[in-house]
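One structure is given below, encoded as structure tokens.
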Amino acid sequence: MRQLKDITEHQCYNEFVDLFIEAFEDMDTQWLEIREARKDLFKLDILNQPECSIDLGLWRCDERVNWCVNEPDMSPLSKQEMESQQWLKRPEFLDFVASEPNEW
């Protein structure tokens, strides 16, 4: 993290991406270990009667980031897109409209 701070302060951006990914991977590993530890707390609770209110957050994704995948554009609409209704032609909108109503 300190190296990332130094790079941005000195505007040495050539190394930024590699160090960012390294820092992110380290934090991601720590996060996944925390998530696994939370789940381990309840493995022996065979009666399913927890005596605490820890949210396991089972709905959260426990997968590592895949740096080779391009995610869909989730940026906000521009004023021009809103006014021209071009957002109706965005692939993610068309996929949403084509999906089953019970998936909404």
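The residues of the stretch 26-35 that are touching a residue at least 12 places away in the same chain (Cβ under 8 Å) and of a type in the set (D, E, K, R), listed by number, are D28, R35.
The listed residues are W67, W104, W59, and the only one of them that is open to solvent by 90 Å² or more (accessible area, probe 1.4 Å), within 23 Å of the chain's Cα centre (by Cα), at pLDDT 80 or above and not charged (D, E, K, R) turns out to be W67. Taken over the stretch 21-39, the criterion of being open to solvent by 70 Å² or more (accessible area, probe 1.4 Å) and either β-branched (V, I, T) or out of contact with any Gly (no Cβ under 9 Å at 6 or more places or on another chain) (or both) is satisfied by E22, D26, M27, Q30, W31, E33, I34, E36.
The values are calculated or read from the model by the stated rules, or taken from the named source; none is laboratory data. Note that the coordinates shown come from a computational prediction; the quantities given were computed from them, not determined experimentally. Cβ sites come from the backbone with ideal geometry, for glycine too, and all protein chains shown count toward neighbours. All accessible areas refer to the heavy atoms of the entire protein, side chains included, with ligands and DNA or RNA removed. Shrake-Rupley method; radii C 1.70, N 1.55, O 1.52, S 1.80 Å.
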